[in-house]
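Below is one structure; the comments refer to it alone.
Values quoted throughout were computed directly from the atomic coordinates according to the rules given, and no laboratory measurement underlies them. These figures come from a predicted structure and were not determined experimentally. So basically every Cβ, Gly included, is an ideal-geometry build from the backbone, and we count neighbours across all protein chains shown.
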Amino acid sequence: MIINKKTAYIIVLIFIVIGARYAYKFTPYRIEFLGYYDKIWTHRVNSLEKQEAALLFYKGIEFDLDYIEKRNFLDINHLPATSIHLSFEKYLENINTTTYYPYLWLDIKELNTSNNRKILNKIQPIFESKNYPLEKVLIEGMEVEALQIFKNSGFKTSLYLPWYLNDLNENELLAEIENLKKIESKFPDTAFSTSYSQYKLIRKYFPDKTLYVWIVGHHPIKDYFLCRKILKDDKVQAVLSPYRSYKGGNR
């Protein structure tokens, strides 16, 4: 079969588009974030290899901590991924702090008032041993009361908001907002963290609240202007971006 020049150009163009789209998943530089890279941290950095790769491009990283109480062990892992038994101690020790201290976002799973002191007693001495500035460390959890012991110890704190707010009917949403307003009134220094998809909703009811936002699973074209609006918001302290490292997988 003979392919004419026009058809050949179309085939080449298709391969270029496919290749560019694939490469875009691995690049740390994204059009929608241009000019605001000082705010961009990277999402789900749960291996040493990915940590090392991410810190070549980002000033901050987010990772997941699963506290295994029976072993008093902080596992760097996000279920349902299989654990690689990477301890928090080893993870933090691997961060090179000779030139600067990167920002750290600790997403602590199942953090509650029964285990918060045990977790604090695990992480605080490790940070102290590295002279890590605690104002560069964010502790995130789903129970606001459990966060206060970290706040009182000098860490930044953020309440992980319910992920389903956009799916609620009017009465259910108003009940959730009323609860969040009570939390805001009692714990004004604890920030909120949420997905970019809930940003407009949160800003409607909390126009001046300090936020941490993850922009993950977005469409770079369709969501371009929303991304820019979030980044321009002075009350948004950091934005998490996806980053697929060739090393360390996408744990």
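Taking label points 7 Å from Cα along the Cα-to-Cβ direction, Ala175 and Arg244 give a separation of 4.0 nm. Assuming charge only on the beta carbon of Lys and Arg (+1) and of Asp and Glu (-1), the dipole of the chain about its Cα centre is about 940 debye to the nearest 20. For segment 67-174, the list of chymotrypsin sites (Phe, Trp or Tyr not before Pro) that fall in a loop by DSSP and count at most 12 other C-beta atoms within 10 angstrom reads Tyr100, Trp163, Tyr164. If you plug the beta carbon distance of Phe57 and Asn112 into 1/(1 + (r/R0)^6) with R0 = 41 Å, you get a FRET efficiency near 0.75. Beta bridges assigned by DSSP with both partners in the chain are antiparallel in approximately 15 percent of cases.
For segment 28-241, rounded, prolate or oblate, judged on the Cα gyration tensor with a ≥ b ≥ c (square roots of eigenvalues), a/c < 1.5 rounded, else prolate if a/b > b/c?
Note, shape of segment 28-241 comes out oblate.
Which entries of Lys39/Lys181; Lys50/Lys200; Lys50/Lys118; Lys151/Lys232; Lys156/Lys232; Lys136/Lys181 have Cα-Cα distances beyond 29 Å here? Lys50/Lys200, as the Cα separations exceed 29 Å there. With the helix formula -39500 (n - 2.57) applied to DSSP H stretches of n ≥ 4, the chain reaches a computed 222 nm mean residue ellipticity of -10500 deg cm²/dmol. Couplings for segment 199-211, taken from phi via the Karplus curve 6.51 cos²θ - 1.76 cosθ + 1.60 with θ = phi - 60°, read 4, 4, 5, 5, 5, 4, 9, 9, x, 10, 6, 5, 10 Hz in order; Gly and Pro are left as x. So if R0 is 35 Å, what FRET efficiency would Glu145 and Lys204 give, r being the distance between their Cβ atoms, rounded to the nearest 0.05? The formula returns an efficiency of 0.85 here.
Here's the picture: charge each Lys and Arg Cβ at +1 and each Asp and Glu Cβ at -1 in segment 28-241, and of Phe150, Pro125, Pro102 the one pushed furthest to the positive end of that dipole is Pro102. Taking a point 7 Å from the Cα of Asp234 along the Cα-to-Cβ direction, the residues of segment 179-196 with backbone N closer than 19 Å to it are 189, 191-192. Net charge dipole, segment 124-251: roughly 640 debye, given to the nearest 20, about the Cα centre with Cβ charges of +1 for Lys and Arg and -1 for Asp and Glu.
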